1. Hey, how many Å between the Cα centroid of region 13-62 and the Cα centroid of region 94-135?
2. Give me the accessible area per residue for the chain, probe 1.4 Å, as a whole number in Å².
3. Return the FRET efficiency for the residue pair GLU69, ARG105: r is the Cβ-Cβ distance, R0 is 25 Å, and the value is rounded to the nearest 0.05.
4. What label, among (1) 124; (2) 163; (3) 220, belongs to volume of the Cα convex hull per residue in Å³ computed from the structure on display?
5. Highest first, please rank the peptides 112-119, 27-34, 123-130, 69-76 by the mean number of other Cβ atoms sitting within 10 Å of their residues.
6. Taking the Cα centre of region 8-135 as origin and charging only Cβ (+1 Lys, Arg; -1 Asp, Glu), how large is the dipole, in debye to the nearest 20?
7. What percent does the relative contact order of the chain come to when contacts are Cα pairs within less than 8 Å and at least six residues apart?
8. Give me the percent of the accessible area of the chain that comes from carbon and sulfur atoms, probe 1.4 Å, all protein chains in place.
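The values are calculated or read from the model by the stated rules, or taken from the named source; none is laboratory data. The structure displayed is predicted, hence computed values, not measured ones. Cβ sites come from the backbone with ideal geometry, for glycine too, and all protein chains shown count toward neighbours. SASA here: full protein model, heavy atoms, side chains in, ligands and nucleic acids out. Shrake-Rupley method; radii C 1.70, N 1.55, O 1.52, S 1.80 Å.
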Amino acid sequence: MSCISSPPQPDEVDEAGTSAIEGRLLARRALARERDPKLRALKIKHVRSQGGPLQCETCAFDFARTYGELGDGYIEVHHVTPLHVSGARETRLDDLACLCANCHRMCHRNRPGESWRTPAALRELMRKPPQTAAH
C-alpha cells in the first residue's frame, strides 16, 4: 500500500510521547480482494430463515439481544477460508460464517507462527482454560 502524507510539522511532535496529531487526510492506494456484498445479505437472510437467532457462530453473541432494535439484523460475515488462501473462486453461503466483531478480529489476528484461524478453531481456543503469564 502506498501512502501520501505531508511531512511532519514541528508542532505535531509531543516531546512527552503522550499525544499525537491525528485527522490529517491521507491519499492511499492499495489492492483489495473482490467481495460481493450481496453474499453478506444472502447469508444473513439464510440464517434468519432457519428460525434461530442471528448470532455469532463462535461465541453466540447476539447484537439484537444486546443492542435491541439498533443491533437487529446486524452481524459480520467472514470467509471461513480466507480469500488469500483460496484465491479467486465461487463463494457459497457455506463458505461464510456469521461472527461478532470481536471473534471476527480474533480470526484475522496474526501471531508468530499463525496467520489466521477458522471460527471452529477460535471456538476451541476459547474453551481452553486461560494460560497464566510467565514472569
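1. Using only Cα atoms to place each centre, the spacing works out to 16 Å.
2. Details: 10620 Å² over 135 residues.
I get 79 Å² per residue for the chain.
3. Working: r = 25 Å, r/R0 = 0.99.
About 0.50, to the nearest 0.05.
4. Looking at volume of the Cα convex hull per residue in Å³ for this model, the match is (3).
5. Values: 112-119: 12.1, 27-34: 7.5, 123-130: 9.5, 69-76: 14.2.
The peptides rank, most packed first, as 69-76, 112-119, 123-130, 27-34.
6. Working: 20 positive and 17 negative charges, 132 e Å.
Value, rounded to 20: 640 debye.
7. It comes to 18 percent, rounded to a whole number.
8. Working: 5660 of 10620 Å².
The nonpolar share, carbon plus sulfur, comes to 53 percent.
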